[in-house]
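This report refers to the structure that appears directly beneath it.
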Amino acid sequence: MTAARRQLTGALLASLAAGAIAAMLLLAGAHGYVRSPLAGPVADGGWTDRSRGWFTARGVLGAEVDAATGRSYSWIGPSARISLPHLDRTQAYTATLIVDAARPADVAPPHVDVLVDGAPAGRFQTTNGDTAIAVTLPPRGTDRAVLTLQVDDTFTPSGDPRVLGVIIRDLQLAPASGHFSVAWSVGIDVAAAVALTTMAVLLCGVGAGLGTLWASGIALALVWLTLQDGAFIGTYSESLFHAATGACALGVVIAALRTRWPVLAGAPGWGSAVGVVLAPTMIMLAVFTHPLATIGDGIFQLHRAQLVRSGSYFFTSITPRPFFEFPYAIGLYVSALPFWSAFPTELDQVHLLRGTAVIANAIVGLVLYVAAYRQWRDRRAALFAAALWPFARAPIEALCNANLTNAFAQGLFGVAMGVVGWAAAGATSIASTGIAGLFLIGGYLSHFSTFSVGVPLAGAIAIVLVIGARGPDRRTGWWLLALGLVAAGVAYAVYYSHFTDVYRQTWARIAAHEMADAPGSAIAAPPATKFHRWWTGQSDDYGLPGIVSALVSVIGLVALLRRRGRDGLTLVLVGWLAVWVVFTALGILTSIQMRVNLAAAPLFVCLGAYGLAEIAARGHVGRMVAATLAVAIAVSGARLWLMCLGY
């Protein structure tokens, strides 16, 4: 048996084992971890706009929030349909709905007829107050249940055009045995998702030790997510399977490419970097497509994408108080449109936009690996850069808030800067120029903040290279300066030149000191208040790197300046750091507010990776300390994923 065949066989066996373990964990978790009953409103009202994992609903008019209690509730119309797509029906269940007629005093509360799987299950009288409607879901030879509600009398309140039936305040599902079980189809989907993702990581060339770590993490994460809010009863497992199928297809492609090109852009082992980024990216996609994931500005992004799809390309958005108008670039929407028809519902389309931003962000990790290895010739440091990138806090926070255009734009900009870092190691070529230029233009055409920060950032890095570098690295500085000017010119000509009146009006408002008269304005706050918001993460500038990441970044910066102070990549990072410091100071001391933390996320990852490699080079104890610090950084980033789920 050849080495390649043995490797493929080992990867297949390891993947099957990971899938089998995941299936057993899922069965055990549903029985012992998920508490009975599953309960909650149809969906969350307000900004989070979360839905539920264990059912889907039709005929519901949208979640609202009771101002007095803070509870979410949902009106239904004349009828509503609640589907439990993958409920194991080998036992009976009790489904309870808490409804409220919410009728005016002179209007009689209606009756609600409930059907279970199309068969009448009872007629219930509602009241103006919480009324419990309980029905039994008997055992059946299927893995699906459908509740249909029919209201015999509706009303339309004054000033509200909706035809209203009753309010659903809460739904509950309790198994007769007191323990939930998992439908076979769900167990197969989750096991296959874990196995396919594990196979993808191993096909990329990740070694046995790191592969085992990632396989364990993938299995635990996907199983845990499937158990949250009874998502094993809903359609979530199907989305996991589809995403994992795509990941495995990517793994096959990477395996073929690394066989043909084991060294990419001067960096051997690049396939391992793809695998190291792919595993947490798959988990990130699983988090952001979970029903409990915060929708945030996702619906706003969806509506803008729909405008672009209908032929409207030039529009603006408004900042928080004092409400300045600025151009809202459309690069993300244009990138997602070719796949639009494959995502039928609005929520699916939000997931498409979010997934596109996640994928753009993931590519940065691979480019950082190539740039770091090309310059430092240290595979450990380069792998640290790839491994830490998916846990960088600023991009995760932007994705959690669904500021998807900014996250997407910074992903493209990060790729461009990674290519610049690679080129600064003496690798400037027509290919690198073209790739960096395309991604730089794409980033500028995807968010105004990326354009505003990116132009001076690229210029500062170019100037640092021209002044501080020698030989080929200095030529890279001139190359970047010219490239930055061209990219900025193209972006302005294509998009931003259409908003001259907007710029004029904004400048007039600034000249009139309007922001000083805007109560609650973040721009008009005193420096001490701005600094406190920045330090505590309450400002509009996403994601400080975190204490541990900042610590290892300082170690990396000191080591680089001492050992590689004139290297091209070091000078790129120094210029990047200078821009971060300047814009951060401007945000605290002046009215200039930019998301420079988001723009600087690759900077801190590169410095942190070099710092961790320096620590790991100090023998066995150093490796243990470096591993511990790396885990701490990963946990700090992953905590934001949990916050996105409401934890």
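The values are calculated or read from the model by the stated rules, or taken from the named source; none is laboratory data. Values in this document were obtained by computation on a predicted structure and should not be read as measured data. Cβ coordinates were reconstructed from backbone atoms using ideal geometry, including for glycine residues, and neighbour counts include every protein chain displayed. In case anyone asks, the SASA skips ligands and DNA or RNA and just uses the protein heavy atoms, side chains included. Shrake-Rupley method; radii C 1.70, N 1.55, O 1.52, S 1.80 Å.
Output the residue which, of all residues in segment 80-92 that are in contact with a Ser or Thr (Cβ under 7 Å, 6 or more places away or on another chain) and part of a strand (DSSP E or B), is least open to solvent (accessible area, probe 1.4 Å). Of everything passing the filter in segment 80-92, SER83 is least open to solvent (accessible area, probe 1.4 Å).
So which of PHE324, PHE391 ends up being of a type outside the set (S, T, N, Q), more than 27 Å from ALA632 (Cβ to Cβ) and in contact (Cβ under 8 Å) with a residue 24 or more places away in the chain? Give the steps one after another, and end with the answer.
Details: PHE391 fails: more than 27 Å from ALA632 (Cβ to Cβ).
Sole residue among the options that is of a type outside the set (S, T, N, Q), more than 27 Å from ALA632 (Cβ to Cβ) and in contact (Cβ under 8 Å) with a residue 24 or more places away in the chain: PHE324.
Which of the following residues is β-branched (Val, Ile, Thr) and more than 28 Å from PRO602 (Cα to Cα): THR356, THR345? From the options THR356, THR345, the qualifying one is THR345. Residue check: ALA265 meets all listed conditions (1) open to solvent by 10 Å² or more (accessible area, probe 1.4 Å); (2) touching a Ser or Thr at 6+ places or on another chain (Cβ under 9 Å); (3) among the hydrophobic types (A, V, I, L, M, F, W, C); (4) closer than 20 Å to ARG393 by Cα but one, namely (4). Could you give me the residue pairs with C-beta distances under 7 Å whose first residue belongs to segment 482-509 and is open to solvent by less than 30 Å² (accessible area, probe 1.4 Å), whose second residue is among the hydroxyl-bearing types (Ser, Thr, Tyr) and in a helix (DSSP H, G or I) wherever it lies, and which are 6+ apart or on separate chains? That search, which allows pairs on different chains as well, returns LEU483/THR433; ALA487/TYR444; ALA488/TYR444; ALA491/TYR444.
Condition check ((1) farther than 16 Å from TRP54 by Cβ; (2) of a type in the set (D, E, K, R)) across all residues:
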{"site": "ASP88", "(1), (2)": "no, yes"}
{"site": "TYR93", "(1), (2)": "no, no"}
{"site": "ALA121", "(1), (2)": "yes, no"}
{"site": "ASP130", "(1), (2)": "yes, yes"}
{"site": "ASP160", "(1), (2)": "yes, yes"}
{"site": "VAL163", "(1), (2)": "yes, no"}
{"site": "LEU173", "(1), (2)": "no, no"}
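The residues listed here are VAL558, VAL552, VAL579; of these, the one that is on the phi < 0 side of the Ramachandran plot and without any contact (Cβ under 8 Å) to a residue 12 or more places away in the chain is VAL558.
Matching residues to (1) in a helix (DSSP H, G or I); (2) crowded, with 24+ Cβ neighbours inside 10 Å; (3) of a type in the set (Val, Ile, Thr):
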position	(1), (2), (3)
ALA219	yes, yes, no
GLY234	no, yes, no
VAL252	yes, no, yes
THR259	yes, no, yes
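PHE124 fulfils the conditions (1) aromatic (Phe, Trp, Tyr); (2) outside any loop (DSSP other than H, G, I, E, B); (3) more than 30 Å from ARG103 (Cα to Cα) except for a single criterion, (3). In segment 536-550, of all residues being in a helix (DSSP H, G or I) and surrounded by fewer than 17 Cβ atoms within 10 Å (Cβ to Cβ), the one that is modelled with the lowest pLDDT corresponds to THR536. Every test in (1) surrounded by fewer than 18 Cβ atoms within 10 Å (Cβ to Cβ); (2) farther than 26 Å from THR316 by Cα; (3) touching a residue at least 40 places away in the same chain (Cβ under 8 Å) is passed by ALA425 save one, and that test is (1).
Just to be sure before I move on: is ARG5 open to solvent by 70 Å² or more (accessible area, probe 1.4 Å), basic (Lys, Arg) and at pLDDT 90 or above in the structure I sent? Walk me through how you get there before you give the answer.
On the way: open to solvent by 70 Å² or more (accessible area, probe 1.4 Å): yes; basic (Lys, Arg): yes; at pLDDT 90 or above: no.
Against the criterion (open to solvent by 70 Å² or more (accessible area, probe 1.4 Å), basic (Lys, Arg) and at pLDDT 90 or above), ARG5 does not qualify.
Please work out which residue is nearest to ALA92 (Cα to Cα), limiting yourself to segment 140-167 and to residues that are out of contact with any strand residue (DSSP E or B) (no Cβ under 9 Å at 6 or more places or on another chain) and open to solvent by 80 Å² or more (accessible area, probe 1.4 Å). Result: ARG140.
Could you count how many residues in segment 42-65 are among the aromatic types (Phe, Trp, Tyr) and either modelled with pLDDT of 90 or more or open to solvent by less than 30 Å² (accessible area, probe 1.4 Å) (or both)?
Initially, segment 42-65 is screened for residues among the aromatic types (Phe, Trp, Tyr), giving 47, 54-55.
From what is left, the residues that are either modelled with pLDDT of 90 or more or open to solvent by less than 30 Å² (accessible area, probe 1.4 Å) (or both) are 54-55.
The total comes to 2.
If I go through segment 116-131 residue by residue, how many of them are of a type in the set (Gly, Ala, Ser) and open to solvent by 70 Å² or more (accessible area, probe 1.4 Å)? Summing the residues that are of a type in the set (Gly, Ala, Ser) and open to solvent by 70 Å² or more (accessible area, probe 1.4 Å) in segment 116-131 gives 0. If you filter segment 185-217 down to residues that are β-branched (Val, Ile, Thr) and modelled with pLDDT under 90, you find that the one that is surrounded by the fewest Cβ atoms within 10 Å (Cβ to Cβ) is THR212. Within segment 138-167, residues that are closer than 27 Å to ALA231 by Cβ and part of a loop (DSSP other than H, G, I, E, B) reach partners that are open to solvent by 80 Å² or more (accessible area, probe 1.4 Å) and at pLDDT 90 or above with beta carbons closer than 8 Å, at six or more positions or on different chains, in the pairs PRO139/THR90; ASP143/TRP184. Taking the conditions exactly as written (open to solvent by less than 60 Å² (accessible area, probe 1.4 Å), in a strand (DSSP E or B) and either among the acidic types (Asp, Glu) or more than 27 Å from HIS86 (Cβ to Cβ) (or both)), does ASP170 satisfy them or not? Here the answer is yes, as ASP170 does meet what is asked. SER181 - would you say it is among the polar types (S, T, N, Q), touching a helix residue (DSSP H, G or I) at 6+ places or on another chain (Cβ under 9 Å) and not in a helix (DSSP H, G or I)? Judged against the criteria, SER181 is a match. Of the residues making up segment 282-303, one or more are touching a Pro at 6+ places or on another chain (Cβ under 9 Å) and buried (at least 19 other Cβ atoms within 10 Å of the Cβ).
The set of residues in segment 401-438 that are within 20 Å of CYS644 (Cβ to Cβ) and more than 21 Å from the chain's Cα centre (by Cα) is empty.
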